[in-house]
Number of protein chains: 2
Amino acid sequence: MSATLRHGVIREVGLRDGLQSIQTIISTERKCEWLRDAVALGQREIEVGSFVPPKLLPQMADTAEVLTYAKTLPGLFVSALVPNLKGAERALEGGADLMILPASASRAHSLANLRKTPDEVVAEFARIRAVRDASGRKTVLEGGVGTAFGCTLQGEVKADDVLRLMQGLLDAGADRVSLADTVGYADPDAVSRLFDQALKVAGDKLWCGHFHDTRGLALANVLAALKLGIARFDASLAGIGGCPHAPGASGNASTEDLAYMLESMGIDTGIDVEALLRLRAKVADWLQGESTYGSLWRAGLPKTFRSARVAAHG
Amino acid sequence: MSATLRHGVIREVGLRDGLQSIQTIISTERKCEWLRDAVALGQREIEVGSFVPPKLLPQMADTAEVLTYAKTLPGLFVSALVPNLKGAERALEGGADLMILPASASRAHSLANLRKTPDEVVAEFARIRAVRDASGRKTVLEGGVGTAFGCTLQGEVKADDVLRLMQGLLDAGADRVSLADTVGYADPDAVSRLFDQALKVAGDKLWCGHFHDTRGLALANVLAALKLGIARFDASLAGIGGCPHAPGASGNASTEDLAYMLESMGIDTGIDVEALLRLRAKVADWLQGESTYGSLWRAGLPKTFRSARVAAHG
C-alpha cells in the first residue's frame, strides 16, 4: 500500500458540516478568524457555510458575510453548500468558487432532508446549472451524493441507486461529483467497491470523499479511497459535527488526524499540522460544552514527524 | 481493496495492556467475569495478564489466578506476557497456551523498559526457549518486537534494527513473532513497508500486529497490514490502555471498533459485536473515572450491519 499520490487536498467543512450540527453559534468575527488562521497555516479549500433559511439553521445565517470575507483571502478556494436554486443564486452572488448541492441516494433521506425525491433533486440541479451558466460566473458546480453507504432511515442503499443518481447529476451538468457516507455506515471494503464503480461512471469528475467518523472508520475509509487515486477529502476541525440520528456520535473525519495521516504517508497537503493543532485548541475553546473529537491533539506529533514537503526535500 | 481474507482473529489485550496502564485495579472476580463474557460472545484469544513483580504493577498481581481460571474456559487460547525467564516459568506452570516476551527495537526503550539491550533480550529469549522445551509444555513462544515504528525516547527506530531483532528472536527459537507500534507512531504507509519487509524475514511466523490508537490511526494501520495478509491483531476493549509518555492518549485499537470494521468487511472474527458492546458497557462501568475510547459504542451498529458469518450464509 505504498502511497503513489504525492499531493492530497483536505477540504475543511468544520465551518459548515461541523457548526451546523452543534448548538453553539459562533460569531461571524470568529468564523473569519478561523478562516484567516486556516489559510495562514496552509488550508486551501474551505466550505464556509450553507445557504439555508436562517430559521432552519441559525448557525448558518451569516454565510453570505463569511463568504464575502473568505473571498478576500489570497489563494483560498471557497465552497458553499446550497440546498436549492435559491441558495445557489446567493452563492453565485457571493462569488463562491464552488457550490455543492447535496443529493441523497436514499429516497427516504432525500424526502426527509430535502423534501424532494432524488429525481427532483436532479431536476433542481439542472436548473442551477442553467442559472450558473447564464450568470457568467465560473463557480464550479458539485453534486454531492449522500447516504451513499446506507441510511439511518431506510437502511440499505443500493449501489445502483447511488450510481444512477451520480449519473443523473452528471447528465444535469455537474462539473464534479463526490460520495458521502453521511451517517457513518461505510467500511473500507464498501468504500473500495463503490468508489471503484463510481470512477467508472464519473472518471476524474469524481473528486472528493466525505466520511463521517460515527463508528471510528473514517480514516480507514479514506485510506481505501486513496488507494483508488481519490485525493480530496472533506474533514472537520476537531471532528465536530455529528449525526442527528445518533446522539453523541462524532462528526466528520477530524482535519488534524487526517492531515497527520496523509503527511505521515508522504502525501503533501500543504498544511502545517502543528499550527493546525493550535487552531484546533482555539476553536475547541470557543466550543466549550460541545463534544470535540480526534486523537492527535491529546498526544501531539511524534518526535519523528516530518511534513511530506520537508521529507521530500529534507 | 476487496478483502481476500475470510477469517481474522482479534486477540484481546484489555486485561493486560489495558489494565496495566490505568490506575483502577479491578478484582480477580471481575477479571474472570470479563473472560467468561468474552468467551461467551465469541472471543477465542485473550492475553490475561503479565507476570511482572506486583510491586511494579499491582494491577497484574493476580495473573496466575486469572490464568488458571482462563484455562477452564472451553475453546479459549490463553496468552500471558512475560518480561523475563522468571515470568516465563510462571506462565509455563500456569499452562498458558502462549507466552509473549516483549522486546524493543529501540535501544533506549529497551533499556528503560526492560533494563536490557535488545541483544540481551534475545539471549533471555533463548533461555526461555530452552526452559520451555525442557518443561515438555506445548506453550507457544512469541517474540513481540516493540517500538517498531519509532520511540518516544530515541525518536526514529531504523527498519534494519527492527528486522535484525526479529531475526534474532527467530534464531533464538521464537515460534511466532509480532510487530508492535508501542507508542502510536505508525502510519499506513510505514505499516505496509515494514510488514512487507518483516514477512520476508519471518514468513508465516509473523502472525500479529499490535497498533496503539494514540494518534487515531490504529484502524487505518490494521487495514494496511490486512492487505498484506496479516490476519491477527491485538486490541483492547474500550480502547483502554495508553502511553506513559503521552498523558491522556488513548491505548490500543478498541476491540469493538476493530471487530465492527472486520465484520463489516466480511472478515469473520467469530465475535458477536452486539454482545461485545454490552460487555464494553459493563467494563466501562467498572472503570469509572478512567478514560475509555472507541466510537462504535456511542452510535451503535448500523441498521444494515450483518456479521460476516451471517452475510456469508444469509
ask   = Would you say B:G216 is modelled with pLDDT under 95, within 11 Å of chain A (Cβ to nearest Cβ), crowded, with 24+ Cβ neighbours inside 10 Å and in a loop (DSSP other than H, G, I, E, B)?
value = no
inquiry  = I'd like the full set of residues that are touching an Asp or Glu at 6+ places or on another chain (Cβ under 7 Å) and of a type in the set (K, R), limited to segment A:1-30.
reply    = A:R6, A:R11, A:R16
ask   = Only one of (1) away from chain A (no Cβ under 13 Å); (2) part of a loop (DSSP other than H, G, I, E, B) fails for B:G242. Which number is that?
value = (1)
key: Filtered residues of segment B:1-56 (kept if of a type outside the set (A, V, I, L, M) and closer than 30 Å to A:L194 by Cα)   = B:S2, B:T4, B:R6, B:H7, B:G8
When residues of segment B:245-277 are limited to those that are of a type outside the set (A, V, I, L, M, F, W, C) and under 17 Å from the mean Cα position of the chain (by Cα), the one modelled with the lowest pLDDT = B:S250
inquiry  = For segment A:263-314, give me every one of the helices (runs of 4 or more DSSP H) that falls completely inside it and has 2 or more residues that are surrounded by fewer than 16 Cβ atoms within 10 Å (Cβ to Cβ).
reply    = A:273-286, A:308-313
task = Determine the pairs where a residue that is of a type in the set (K, R), located within segment B:88-105, has a partner that is in a helix (DSSP H, G or I) with Cβ atoms under 7 Å apart, the partner being 6 or more residues away or on another chain.
result = B:R90/B:A64
ask   = Got a number for residues in segment B:1-59 being closer than 20 Å to B:I271 by Cβ, in contact with a Pro (Cβ under 9 Å, 6 or more places away or on another chain) and in contact (Cβ under 8 Å) with a residue 60 or more places away in the chain?
value = 1
request  = Examine segment B:127-134 for a residue that is of a type outside the set (G, A, S), farther than 27 Å from B:Y69 by Cα and either touching a Ser or Thr at 6+ places or on another chain (Cβ under 9 Å) or free of Cβ contacts under 8 Å to residues at least 12 places away in the same chain (or both), and state whether such a residue exists.
outcome  = no
ask   = Are any residues in segment A:87-107 basic (K, R) and either more than 18 Å from A:A130 (Cβ to Cβ) or buried (at least 20 other Cβ atoms within 10 Å of the Cβ) (or both), and if so, which ones?
value = A:R107
note = Counting only residues that are in a helix (DSSP H, G or I) and more than 19 Å from A:M60 (Cβ to Cβ), segment A:91-111 contains a total of 5
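Condition check ((1) more than 11 Å from chain B (Cβ to nearest Cβ); (2) touching a residue at least 12 places away in the same chain (Cβ under 8 Å); (3) out of contact with any Lys or Arg (no Cβ under 9 Å at 6 or more places or on another chain); (4) not hydrophobic (A, V, I, L, M, F, W, C)) across all residues:
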site: A:L223; (1), (2), (3), (4): no, yes, yes, no
site: A:L237; (1), (2), (3), (4): yes, yes, no, no
site: A:S254; (1), (2), (3), (4): no, yes, no, yes
site: A:S264; (1), (2), (3), (4): no, yes, no, yes
site: A:A275; (1), (2), (3), (4): yes, yes, yes, no
site: A:W286; (1), (2), (3), (4): yes, yes, no, no
site: A:E290; (1), (2), (3), (4): yes, yes, yes, yes
site: A:R309; (1), (2), (3), (4): yes, yes, yes, yes
site: A:A312; (1), (2), (3), (4): yes, yes, no, no
task = Given the conditions (1) at pLDDT 95 or above; (2) within 14 Å of chain A (Cβ to nearest Cβ); (3) within 23 Å of A:A224 (Cβ to Cβ), report the number of the one that B:R280 does not fulfil.
result = (3)
message = Taking the criterion of being assigned to a loop (DSSP other than H, G, I, E, B) and charged (D, E, K, R), would at least one residue in segment B:245-262 satisfy it?
response = no
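The values are calculated or read from the model by the stated rules, or taken from the named source; none is laboratory data. Bear in mind that the values here come from a model prediction, so they are computed numbers and not experimental data. Glycine gets a Cβ as well: all are built from the backbone with ideal geometry, and neighbour counts include every protein chain shown.
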